[in-house]
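Engineer: The following block contains the structure, expressed as structure tokens.
The values are calculated or read from the model by the stated rules, or taken from the named source; none is laboratory data. Every value quoted in this text rests on a predicted model; they were computed, and no experiment measured them. Glycine also receives a Cβ, built like all others from the backbone with ideal geometry; neighbour counts cover every protein chain displayed.
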Amino acid sequence: MKRSILLLISHSCNLTCKYCYERFKDSRKMTLDRAIEILEREFSEDAEGITNVDLLGGEPLSNYSIIPHICKWIWEHNPQMQIFIRTNGTLLSGEMKNWFSRHNKLLGLGLSIDGTPETNYFNRGVKEADLDFFYQYWPDVPVKLTVFPQSVASLFDSLVYLYGRGFNVTGGLAQGVKWNKEACSILNRQMEKLVDYYLSNPQISPIEPLFALGFEHAFEIPTSGQPSEKPCWERQIVHTFDCEKEMLPCHMFSTIVQGKEKRSSILKAAADLKEEKIDASCRECPIRWSCTNCMAMNYQHFGDFGININKQYACSAHKITAYWSASLLASFAIKNRIDFSASEKVNAVRKAIDYLKIYENGKWIS
């Protein structure tokens with residue numbers, strides 16, 4: 001059974017990012033003994049089925065002392081196992097840099113940063129991490145940027161800044177935050193500028209999933225005769241462990257996200273959930289594939305899996321990003337930057353054009 005292993009090794013973080021959905025940070029950290037106990041059980045059950053191990057937080061480097069020991073144990077049992085850590089990069093000491101750089105072939109250290117020093121300071125309270133260190137040792141690992149409504153006016157400048165430093169960039173809209181009309185209007189202008197930028201700079205890969213170019217999945221509206229979709233945590237096999245030893249469906253079920261009370265109730269509710277709960281209007285939306293329905297986040301905010309937080313907070317923003325994604329894809333086709341020998345690419349372009357027509361008619365705009 002192919003699966004990923006995720007260890008939430010720290011509940012603490014040195015930053016207070018304005019959009020963070022981990023609302024219940026505390027001082028708890030996973031002990032080395034507990035981490036090894038979890039790994040021993042996972043490796044004894046089916047070591048060959050483990051594809052990768054991720055170490056998460058909070059800020060995982062706030063529990064750095066156990067990281068070299070965890071990695072040593074893993075590599076003793078599988079010398080080729082890939083380990084990944086996403087970090088804000090601000091706690092890196094000389095000792096950490098020395099150890100991470102010596103193990104950069106098997107350990108990926110990915111940076112979370114929101115662009116220019118000014119944007120990062122507004123969103124996160126710190127100006128910048130050591131970008132050169134990350135680029136030197138992990139040039140192929142994209143940095144992760146989060147698009148926040150209150151700083152969206154700097155989106156274009158932030159991306160160009162990171163591209164100028166040599167990075168590929170991944171990221172999308174901040175989850176669980178409200179997008180008002182003004183923020184959506186600014187987002188619309190920023191996305192338009194980015195389309196022009198990508199068309200003028202073909203060597204730069206568009207940021208995904210902000211630009212969702214897989215339009216071959218658009219308009220996949222389920223019919224009454226189709227089988228129900230399983231919850232997302234049953235469609236992908238990820239074994240996630242909080243500071244406690246109990247295995248969770250995903251990290252969104254952890255105490256750091258849900259709090260103690262909801263962590264208990266969400267696990268009970270999820271045990272009885274046999275299919276994905278989707279808002280009726282969302283079910284018929286042509287871009288449902290690109291607007292992830294995170295039922296755990298729905299539960300965090302509303303105590304109900306079926307109230308789609310994207311519908312409540314960010315529906316217009318997602319429609320805007322989908323429109324410019326479709327526009328970029330259609331423009332790529334016009335400029336012969338699409339492999340038309342692949343049928344899914346042809347289908348993606350066709351559906352992107354169909355979506356542009358619907359959008360222009362205002363049918364899907366609220």
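Engineer: What is the one condition in (1) more than 25 Å from G58 (Cβ to Cβ); (2) among the aliphatic types (A, V, I, L, M); (3) in a helix (DSSP H, G or I); (4) over 18 Å from the mean Cα position of the chain (by Cα) that L273 does not satisfy?
Structural biologist: Evaluating L273 over (1) more than 25 Å from G58 (Cβ to Cβ); (2) among the aliphatic types (A, V, I, L, M); (3) in a helix (DSSP H, G or I); (4) over 18 Å from the mean Cα position of the chain (by Cα) leaves (3) as the failure.
Engineer: Quick one: F305 ticks every box in (1) of a type in the set (A, V, I, L, M, F, W, C); (2) in a loop (DSSP other than H, G, I, E, B); (3) under 29 Å from N188 (Cβ atoms) except a single one, so which number is it?
Structural biologist: (3)
Engineer: So which of G164, G171 is among the small types (G, A, S) and surrounded by fewer than 14 Cβ atoms within 10 Å (Cβ to Cβ)?
Structural biologist: Numbers: G171 fails: surrounded by fewer than 14 Cβ atoms within 10 Å (Cβ to Cβ).
Exactly one of G164, G171 is among the small types (G, A, S) and surrounded by fewer than 14 Cβ atoms within 10 Å (Cβ to Cβ), namely G164.
Engineer: Condition first: touching a Gly at 6+ places or on another chain (Cβ under 9 Å) and either more than 17 Å from P286 (Cβ to Cβ) or surrounded by fewer than 17 Cβ atoms within 10 Å (Cβ to Cβ) (or both). Now tell me which residues in region 333-362 satisfy that. Quick ask: steps written out before the conclusion?
Structural biologist: Going residue by residue through region 333-362, those that are touching a Gly at 6+ places or on another chain (Cβ under 9 Å) are 344, 348.
E344, the sole residue that qualifies.
Engineer: Quick check on region 188-214: of everything there that is of a type in the set (S, T, N, Q) and either free of Cβ contacts under 8 Å to residues at least 40 places away in the same chain or over 23 Å from A314 (Cβ atoms) (or both), which residue is surrounded by the fewest Cβ atoms within 10 Å (Cβ to Cβ)? Before you say what the answer is, go through the steps one by one.
Structural biologist: To start, the set of residues in region 188-214 that are of a type in the set (S, T, N, Q) comprises 188, 190, 200-201, 203, 205.
Applying the additional criterion that residues be either free of Cβ contacts under 8 Å to residues at least 40 places away in the same chain or over 23 Å from A314 (Cβ atoms) (or both) yields 190, 200-201, 203, 205.
Values: Q190: 21, S200: 8, N201: 11, Q203: 6, S205: 14.
Going through the qualifying residues, I end up with Q203.
Engineer: Follow-up. Can you find a residue in region 99-110 that is among the hydrophobic types (A, V, I, L, M, F, W, C), touching a residue at least 12 places away in the same chain (Cβ under 8 Å) and surrounded by fewer than 18 Cβ atoms within 10 Å (Cβ to Cβ)?
Structural biologist: Residues of region 99-110 among the hydrophobic types (A, V, I, L, M, F, W, C): 99-100, 106-107, 109.
Okay, now just the ones that are also touching a residue at least 12 places away in the same chain (Cβ under 8 Å), so 99-100, 106-107, 109.
Keeping just the survivors that are surrounded by fewer than 18 Cβ atoms within 10 Å (Cβ to Cβ) gives 99, 106.
For region 99-110, residues among the hydrophobic types (A, V, I, L, M, F, W, C), touching a residue at least 12 places away in the same chain (Cβ under 8 Å) and surrounded by fewer than 18 Cβ atoms within 10 Å (Cβ to Cβ): present.
Engineer: Do the conditions hold for Y121, that is, is it surrounded by 16 or more Cβ atoms within 10 Å (Cβ to Cβ) and not hydrophobic (A, V, I, L, M, F, W, C)?
Structural biologist: On the way: surrounded by 16 or more Cβ atoms within 10 Å (Cβ to Cβ): no; not hydrophobic (A, V, I, L, M, F, W, C): yes.
No, not satisfied.
Engineer: Go through region 34-75 and give me each residue that's of a type in the set (S, T, Y) and either within 27 Å of the chain's Cα centre (by Cα) or within 18 Å of K97 (Cβ to Cβ) (or both). Lay out the reasoning, then the answer.
Structural biologist: Filtering region 34-75 for residues of a type in the set (S, T, Y) gives 44, 51, 62, 64-65.
Scanning region 34-75 gives T51, S62, Y64, S65.
A quick yes/no check of all residues on (1) touching a helix residue (DSSP H, G or I) at 6+ places or on another chain (Cβ under 6 Å); (2) modelled with pLDDT of 95 or more:
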{"position": "K2", "(1), (2)": "yes, no"}
{"position": "S10", "(1), (2)": "yes, yes"}
{"position": "D26", "(1), (2)": "no, no"}
{"position": "K29", "(1), (2)": "yes, yes"}
{"position": "D33", "(1), (2)": "no, yes"}
{"position": "E48", "(1), (2)": "no, no"}
{"position": "H77", "(1), (2)": "yes, yes"}
{"position": "Q80", "(1), (2)": "no, yes"}
{"position": "N88", "(1), (2)": "no, yes"}
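Engineer: Now a separate question. Give me the pairs: first residue in region 313-331 and more than 13 Å from A218 (Cβ to Cβ), second residue in a helix (DSSP H, G or I) and hydroxyl-bearing (S, T, Y), beta-carbon distance under 7 Å, and six or more apart or on different chains, which are they?
Structural biologist: Going by the 7 Å Cβ cut-off, the qualifying pairs are L328/Y198.
Engineer: I'd like to verify a number: residues in region 268-292 that are crowded, with 21+ Cβ neighbours inside 10 Å and touching a residue at least 60 places away in the same chain (Cβ under 8 Å), how many? Please lay out each step first, then the result.
Structural biologist: Narrowing region 268-292 to residues crowded, with 21+ Cβ neighbours inside 10 Å: 285-288, 290-291.
Those still in the list that are touching a residue at least 60 places away in the same chain (Cβ under 8 Å) too: 285-288, 290.
The total comes to 5.
Engineer: Being in a loop (DSSP other than H, G, I, E, B) and loosely packed, with under 13 Cβ neighbours inside 10 Å is true for just one of E244, E261, E220. Which residue is that?
Structural biologist: Values: E244 fails: loosely packed, with under 13 Cβ neighbours inside 10 Å; E261 fails: in a loop (DSSP other than H, G, I, E, B).
Checking each option against the conditions leaves just E220.
Engineer: Right, next: Surrounded by fewer than 21 Cβ atoms within 10 Å (Cβ to Cβ) and either of a type in the set (K, R) or part of a helix (DSSP H, G or I) (or both), is that true of A330? Can you show your working first?
Structural biologist: Details: surrounded by fewer than 21 Cβ atoms within 10 Å (Cβ to Cβ): yes; either of a type in the set (K, R) or part of a helix (DSSP H, G or I) (or both): yes.
Judged against the criteria, A330 is a match.
Engineer: Continuing with this model, one more query. Working carefully through the options K2, K25, find the one that is over 23 Å from F134 (Cα atoms), of a type outside the set (D, E), touching a residue at least 24 places away in the same chain (Cβ under 8 Å) and surrounded by 13 or more Cβ atoms within 10 Å (Cβ to Cβ). Step through it out loud before you land on a result.
Structural biologist: Details: K2 fails: surrounded by 13 or more Cβ atoms within 10 Å (Cβ to Cβ).
When all the criteria are applied, what remains is K25.
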